[in-house]
Amino acid sequence: MKSLERDAGKVKRRVGKRPPPTAVAKAPAAGGKRGRLLSAPAIEEMFRRFAAGDPHPKSELEYVNPFTLLVAVVLSAQATDAGVNKATRALFKIADTPEKMVRLGEERVREFIKTIGLYRNKARNVIELSRQLITNHGGDIPRDREALEALPGVGRKTANVVLNVAFGEPTMAVDTHIFRVGNRTGLAPGKTPLEVELKLEKRVPPAYRLHAHHWLILHGRYVCLARRPLCERCVIADLCKWPGKVVQQ
Ligand code: SF4
C-alpha cells in the first residue's frame, strides 16, 4: 500500500517538475477535477483499442491449476512475475496441489523460492494456506472472496486475481501499474487501490470488465512506465488526460 501511495505522490511531483522537451509538445492541461476524468465514450474507445491489440490478454505468472495460480500470486507480492516464474517452474513440477505442498514442507519450499523477496514469510504462508485449503475446503480453491482473504498471505488483490483468472469473475486486481494508469489517464482516479478498484468496477464498460485488469497491467508495465512513460507509442495517447504526457505534434 505504501508503495502505491508513494507512486501517486511521484505522479504529482513529476507533473509539476517535468520541463517541456524540445521537438515535442506537452498536452494541454485539463482544467479542474472534472476535466481530468475520462468521459464514457473515451473509456469505451480506450478498451476497444486495448481489445483490438490483444483480444485475449493473459497473466504473465505461470501456473498449471487454480492452486498454483494462488501460490504464484501470493509469491508475487513485491516481486516480479519473471522472478516468481523462475522459482515456481521447478516447485510446481513436484508440488501442484495443497497435499503435495504440505508434504514437501516449509524448509524445502523455502529452498525453491529463496530468490524471491520475503521468501521466509512466503514459504510459511504457502504451507499454512495449503493446510487450511485441505482442512476447510477439501483441498479446493474457494470461489469466495471472504474465504480467499481468510487464507494466510492472501489480500484483496490476490483474491481478485484468483476470482478473475481461475473463475472468470470481472474483478479488478489493482496493483501498482493499474493504480498509476487509473490515476494518470483519468480512467479511475483514486487515493487508494480500493478507491481505484471501485471506480474501475463502475466505469469500465461491462463488455470489457473481464479482461480490463490485464490490459491495464500490461499497459502500465510496458508502455505507461512509472518513470518515463512511452507516450510516443501509446495507443491511447490522444485520450489520456495526464497533463504530463508527451505527444508528438
Ligand atoms: S499518454 Fe503517456 S501517460 Fe497517458 S496513458 Fe499513454 S503512456 Fe501513460
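The values are calculated or read from the model by the stated rules, or taken from the named source; none is laboratory data. Keep in mind it's a predicted model, so treat the numbers as computed, not measured. When we count neighbours, we look across all protein chains shown, and the Cβ atoms used for this are built from the backbone with ideal geometry, even at glycine.
So the values come out like this:
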| read-out | value |
| --- | --- |
| Subset of the range 95-123 (residues that are of a type in the set (Lys, Arg) and either in contact (Cβ under 8 Å) with a residue 40 or more places away in the chain or under 15 Å from Val73 (Cα atoms) (or both)) | Lys122 |
| Within the range 164-186, considering residues that are of a type in the set (Val, Ile, Thr) and within 19 Å of Cys234 (Cβ to Cβ), the one farthest from the ligand (Cβ to nearest atom) | Thr176 |
| Residue, nearest to the ligand (Cβ to nearest atom), within the range 224-246, restricted to residues that are surrounded by fewer than 18 Cβ atoms within 10 Å (Cβ to Cβ) and within 15 Å of Phe179 (Cα to Cα) | Leu225 |
| Sole exception among (1) touching a helix residue (DSSP H, G or I) at 6+ places or on another chain (Cβ under 8 Å); (2) in a helix (DSSP H, G or I) for Arg89, by number | (1) |
| Flag if Thr88 is within 24 Å of the chain's Cα centre (by Cα), outside the structural domain of Trp242 (by TED's automatic domain parsing) and of a type in the set (Ser, Thr, Tyr) | yes |
| Lone unmet requirement of (1) over 22 Å from Thr171 (Cβ atoms); (2) touching a Leu at 6+ places or on another chain (Cβ under 6 Å); (3) without any contact (Cβ under 8 Å) to a residue 60 or more places away in the chain for Asp81 | (1) |
| Unmet requirement for Arg103, which otherwise passes all of (1) loosely packed, with under 15 Cβ neighbours inside 10 Å; (2) not in a helix (DSSP H, G or I) | (2) |
| Residues of the range 133-168 that turn out to be in a loop (DSSP other than H, G, I, E, B) and over 14 Å from Ser59 (Cβ atoms), as a count | 13 |
| Search result, residues across the range 194-222 that are touching a residue at least 12 places away in the same chain (Cβ under 8 Å) and within 14 Å of the ligand (Cβ to nearest atom) | Trp215, Leu216, Ile217, Leu218, His219, Gly220, Arg221 |
| Lone unmet requirement of (1) at pLDDT below 95; (2) in a helix (DSSP H, G or I) for Ala42 | (1) |
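Residue-wise test of (1) in the same structural domain as Val235 (by TED's automatic domain parsing); (2) within 30 Å of Val235 (Cα to Cα); (3) more than 24 Å from the chain's Cα centre (by Cα).
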{"residue": "Val84", "(1), (2), (3)": "no, yes, no"}
{"residue": "Asp96", "(1), (2), (3)": "no, no, no"}
{"residue": "Glu107", "(1), (2), (3)": "no, no, yes"}
{"residue": "Ile113", "(1), (2), (3)": "no, no, no"}
{"residue": "Leu148", "(1), (2), (3)": "no, no, no"}
{"residue": "Pro152", "(1), (2), (3)": "no, no, no"}
